[in-house]
Amino acid sequence: GLLFPNTYFIPVNYNTVQVIDTMLDGLNQVMQQYNLAATAQQHQLSEYQMVILASIVQREAANNGQMPLIAGIYWKRIYQPSSEIGPYLQADPTVQYAHDTDNPPSSADKYWGQLGNTGGKVDPSNHWNTYKFQGWPPTPIASPNLKALQAAASPAQTNCYYFLSNPKDGSLICASTYQKFQQLEQQYLPQN
């Protein structure tokens, strides 16, 4: 999560540590250039929590335009919890990460697969299972891009706690209560 995704010009003789240091420097440069740590602090987030949130947003969003709202919903779940969710993030990408950590896929192209009905079977003692553990997961789950970092540093204000993507156009639809979310699921998602 701390290795900033970008195009780097790496000398041929660099070793692994030097490549990693280059990518870490890339994150530090972006953080400074866009004043992300100070912006995150204005939203009650440490720099590391902001990177964690950005990593979740990176995995959750279908496009960059969805990122501020998704960040705002996850921020709200932690800092203004509803009585329905409580202090749980309940982020599916963290559960995917937990599942893949507990059951490493046989090849790289099988990571981040749909959980289907296995989501509920994810180890309840896995700290990335944000349905079972309160607050932020212990580490980032992916390397966020600049748009995800910006969204996490300055999450959109929203009254929503739940969201889904409209399968027809990919737009984000959100709801303030679980009952309204269930109605949206019935309306927008194919029924099995």
- Hits in region 138-172 - residues which are touching a His at 6+ places or on another chain (Cβ under 8 Å) and either farther than 13 Å from TRP75 by Cα or open to solvent by 40 Å² or more (accessible area, probe 1.4 Å) (or both): PRO138, SER154
- Message: I'd like the full set of residues that are open to solvent by 80 Å² or more (accessible area, probe 1.4 Å) and either part of a helix (DSSP H, G or I) or of a type outside the set (Ser, Thr, Tyr) (or both), limited to region 92-119.
- Response: ASN103, PRO104, ALA108, ASP109, LYS110, GLN114, ASN117
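List the helices (runs of 4 or more DSSP H) that sit entirely inside region 20-91 and contain at least 3 residues that are surrounded by 20 or more Cβ atoms within 10 Å (Cβ to Cβ) and touching a residue at least 60 places away in the same chain (Cβ under 8 Å).
47-60, 67-79
Can you find even one residue in region 159-173 that is within 23 Å of PRO68 (Cβ to Cβ), assigned to a strand (DSSP E or B) and β-branched (Val, Ile, Thr)? Give the derivation first.
Keep residues of region 159-173 that are within 23 Å of PRO68 (Cβ to Cβ), which gives 159-173.
Of the ones still in play, those that are also assigned to a strand (DSSP E or B) are 162-165, 172-173.
Subsequent filtering for residues that are β-branched (Val, Ile, Thr) retains 173.
Taking every residue of region 159-173 in turn, at least one turns out to be within 23 Å of PRO68 (Cβ to Cβ), assigned to a strand (DSSP E or B) and β-branched (Val, Ile, Thr).
Is it true that ALA175 is touching a Phe, Trp or Tyr at 6+ places or on another chain (Cβ under 6 Å), among the small types (Gly, Ala, Ser) and surrounded by 15 or more Cβ atoms within 10 Å (Cβ to Cβ)? First the steps, then the outcome.
Values: touching a Phe, Trp or Tyr at 6+ places or on another chain (Cβ under 6 Å): yes; among the small types (Gly, Ala, Ser): yes; surrounded by 15 or more Cβ atoms within 10 Å (Cβ to Cβ): yes.
Against the criterion (touching a Phe, Trp or Tyr at 6+ places or on another chain (Cβ under 6 Å), among the small types (Gly, Ala, Ser) and surrounded by 15 or more Cβ atoms within 10 Å (Cβ to Cβ)), ALA175 qualifies.
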- Some residue of region 128-149 being aromatic (Phe, Trp, Tyr), at pLDDT 90 or above, over 26 Å from PRO190 (Cα atoms) and touching a strand residue (DSSP E or B) at 6+ places or on another chain (Cβ under 9 Å): yes
- Query: Does region 99-116 contain any residue that is in contact with a Ser or Thr (Cβ under 8 Å, 6 or more places away or on another chain), at pLDDT below 90 and either among the aromatic types (Phe, Trp, Tyr) or more than 26 Å from ASN28 (Cα to Cα) (or both)?
  - Reply: yes
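The values are calculated or read from the model by the stated rules, or taken from the named source; none is laboratory data. Just so it is clear, the model here is predicted, and its values are computed rather than measured. Using ideal geometry, Cβ is built from the backbone for each residue, glycine included, and neighbour counts are taken over all protein chains shown. For accessibility, only protein heavy atoms count, side chains too; no ligands or nucleic acids. Shrake-Rupley method; radii C 1.70, N 1.55, O 1.52, S 1.80 Å.
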